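Report on the structure given below.
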Amino acid sequence: MKLLLHVCCAPCSTYTLDKLRKDAIDVSAYFYNPNIHPYREFKKRLHTLVEFAERNSLPLVVEREYGLTEYLRKVVFHENERCPICYDMRLKKTAQQAAGTGADAFSSTLLYSRYQNHALITQIGKQLAKKYGIEFYYEDFREGWQEGIDKALEMDLYRQSYCGCIYSEQERYDKKLQKKLRKAQKQK
């Protein structure tokens, strides 16, 4: 099977790529992530992914245009639905790319993350598969979560601490602030 794998970052690709290759799947990668903020983060993730792809002989197609404006136009005033909108944006482009390049199926490294909604990703993936006449490949890669982290650390890959969007980044800092406030309250 020839699979086009949407990749969000190199660390999420470590276990995913190993598992797919172990299953004799011919994998190519596709980087399209208009949600990533700020631009420096986008560049850092892309740079790390390009290095990872080269080190692992992974064919990689990159959408280099920083698509934050398009992403924000779709999610502003719909912040509570931002993840489904984001999944749809990224998987749609991946399905189109896969169908246009003769792949048998498409999938995403989002399925590696414990923090992503697998049921929703699968639902959107299947809808897009039907629309574009290409199979959506689902596998629960979360079983390799720790193995992927260990490999990313071993390879000294840049590892980010949020999904990439500005809202996720805010939540990351808000959690730290909340923790600090709770600690300060306990010390009173």
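Just a few scattered comments:
- If both residues of a DSSP beta bridge must be in the chain, then about 0% of such bridges are antiparallel.
- Rounded to whole numbers, the Karplus 3J(HN,Hα) couplings from phi for segment 98-104 are 5, 4, x, 10, x, 5, 8 Hz, using 6.51 cos²θ - 1.76 cosθ + 1.60 with θ = phi - 60°, and x at Gly and Pro.
- Dipole of the chain, positive end: most advanced residue of Ser13, Tyr173, Asn56 [Cβ charges, Cα centre]: Tyr173
- log10 of Debye I(q)/I(0), alpha-carbon scatterers only, for segment 1-87 at 0.18 Å⁻¹: -0.81
- Distance between the pseudo-spin-label points of Asp23 and Leu153 (7 Å out from Cα toward the beta carbon): 2.6 nm.
- In nm, spacing of pseudo-spin labels at His78 and Gln187 (7 Å Cα→C-beta vector): 4.4 nm
- Applying a threshold of 21 Å to the alpha-carbon distances of Lys43/Lys130; Lys43/Lys179; Lys92/Lys131; Lys2/Lys92; Lys151/Lys179; Lys44/Lys151 flags Lys43/Lys130; Lys43/Lys179; Lys151/Lys179 as lying beyond it.
- If the segment from Val61 to Lys2 were pulled out straight at 0.36 nm per residue, it would be longer than the present Cα-Cα gap by 19.8 nm.
- Rounded to the nearest angstrom and listed largest first, the equivalent-ellipsoid semi-axes of the chain from its Cα gyration tensor are 28, 20, 16.
Each value in this text was obtained by applying a stated rule to the coordinates, not by laboratory testing. For clarity, every value in this text was computed on a predicted model and none was experimentally measured. Glycine also receives a Cβ, built like all others from the backbone with ideal geometry; neighbour counts cover every protein chain displayed.
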